[in-house]
1. Which one of the conditions (1) over 13 Å from residue 276 (Cα atoms); (2) among the hydrophobic types (A, V, I, L, M, F, W, C); (3) open to solvent by 40 Å² or more (accessible area, probe 1.4 Å) does residue 9 fail to meet, given that it meets all the rest?
2. Residues that are hydrophobic (A, V, I, L, M, F, W, C), modelled with pLDDT of 90 or more and within 30 Å of residue 171 (Cβ to Cβ): which strands (runs of 3 or more DSSP E) entirely in segment 191-285 hold 1 or more of them?
3. Consider only pairs whose beta carbons are under 7 Å apart and that are at least six residues apart or on different chains; among these, list those whose first residue lies in segment 14-25 and is within 10 Å of residue 254 (Cα to Cα) and whose second residue is among the small types (Gly, Ala, Ser) and modelled with pLDDT of 95 or more.
4. Name the residue, out of 199, 184, that is surrounded by 10 or more Cβ atoms within 10 Å (Cβ to Cβ) and of a type in the set (D, E, K, R).
5. Looking at the structure I just gave you, is residue 25 in contact with a Lys or Arg (Cβ under 9 Å, 6 or more places away or on another chain) and either of a type outside the set (Val, Ile, Thr) or modelled with pLDDT of 95 or more (or both)?
6. Filter the strands (runs of 3 or more DSSP E) completely within segment 76-181 down to those with at least 2 residues that are closer than 25 Å to residue 24 by Cα and open to solvent by less than 30 Å² (accessible area, probe 1.4 Å).
7. Would you tally the residues in segment 16-67 being of a type in the set (Asp, Glu), closer than 30 Å to residue 4 by Cβ, part of a helix (DSSP H, G or I) and open to solvent by 40 Å² or more (accessible area, probe 1.4 Å)?
8. Looking at (1) touching a residue at least 24 places away in the same chain (Cβ under 8 Å); (2) surrounded by 17 or more Cβ atoms within 10 Å (Cβ to Cβ), can you tell me which one residue 219 breaks?
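The values are calculated or read from the model by the stated rules, or taken from the named source; none is laboratory data. Just so it is clear, the structure is predicted and the values come from calculations on it, not from any experiment. Note that each Cβ is placed from the backbone with ideal geometry, even for glycine, and that neighbours are counted across all protein chains shown. What goes into the accessible areas is simple: the full protein's heavy atoms, side chains included, and nothing from ligands, DNA or RNA. Shrake-Rupley method; radii C 1.70, N 1.55, O 1.52, S 1.80 Å.
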Amino acid sequence: MEYKNKLYCMDNLELMKQLPDQCINLIYCDILYNTGKSFDDYDDNLGTPQEAMVWYEPRLLEMKRILKDTGSIYLQCDYRLVHYLKVKMDEIFGFDNFRNDIIWKRDSVGKGAKKSSKQWSRELDNILFYSKSNNIIFHQQYKTNSELGHTQLKEFRYADPDGRKFKIVTLGDYSQDSIEAIRKQNLIYKTSTGKEYKKYYLDEFKLAVGSLWDDIPNLSHGKNPENIGYDTQKPKKLLERIIKASSNEGDLVADFFCGSGTTCVVAKELGRDYLGCDINPKAIDITYERLYNNFEVS
């Protein structure tokens, strides 16, 4: 069965049963949230949370089987199922293979009807991150200077004569030998009172991305050219972060709830192979069109 760079319109459980063991490097799924609603593009009603877990369990077992030992799985959901799903994932993948519960702030607080709601607004999604083993592919992601917040940027208030900005930090426990080595690199800043600090330049500063992702707005913000009008479409930047962190070029990235196809498109753009599946023909048509307009696909 040739499954790389392919799209399938079928029940994802039936597809996964046909895949060989340990063939996928990374799985990302924006799963059914079980809202109980019927959208234009799909039906999102799995019954009670317990009934939803009965539906999910065989699919999660297959995902574990087809995932490589170095692979990772990211499941996106919200408050409706996250607690039930985490317990089930702990059972199947193992509690020790839980890596993180990433919180994506997808929307603004107090926006629209939320301003008059009689409860705290809901603007967060959960992305449960699990691995198959301790030997996983992971590349730490960093924010660029343009993505730093005002508070961080404000710290870089000093500048060399050539305009290169830096912040200063105390020398702390540096030994005298270390301080002299830093001095030779011209990384010591001396105040008017003679106190010395170490320089950290803005163009070399790297801030690691944590588990609160509040820097990727949802596609409902303004007139985003990415938006193709598909319910629950996710921004490409969200998938870029996950795919860059948990796969290498040439790896196979699978999405078994592919919807509008963002996972497949981003995987292809980043030099990965993709496997997309959705039971909705419209989703597969849209995904194929997005791939066809950007790449040569069969």
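1. The number of the failed condition is (1).
2. Ranges flagged: none.
3. Going by the 7 Å Cβ cut-off, the qualifying pairs are 24/71; 24/254; 25/71; 25/247.
4. Exactly one residue qualifies, and that residue is 199.
5. Considered against the rule, which asks whether it is in contact with a Lys or Arg (Cβ under 9 Å, 6 or more places away or on another chain) and either of a type outside the set (Val, Ile, Thr) or modelled with pLDDT of 95 or more (or both), residue 25 comes out as yes.
6. Once the strands (runs of 3 or more DSSP E) in segment 76-181 are filtered for at least 2 residues that are closer than 25 Å to residue 24 by Cα and open to solvent by less than 30 Å² (accessible area, probe 1.4 Å), what remains is 98-105, 124-131.
7. 1
8. (1)
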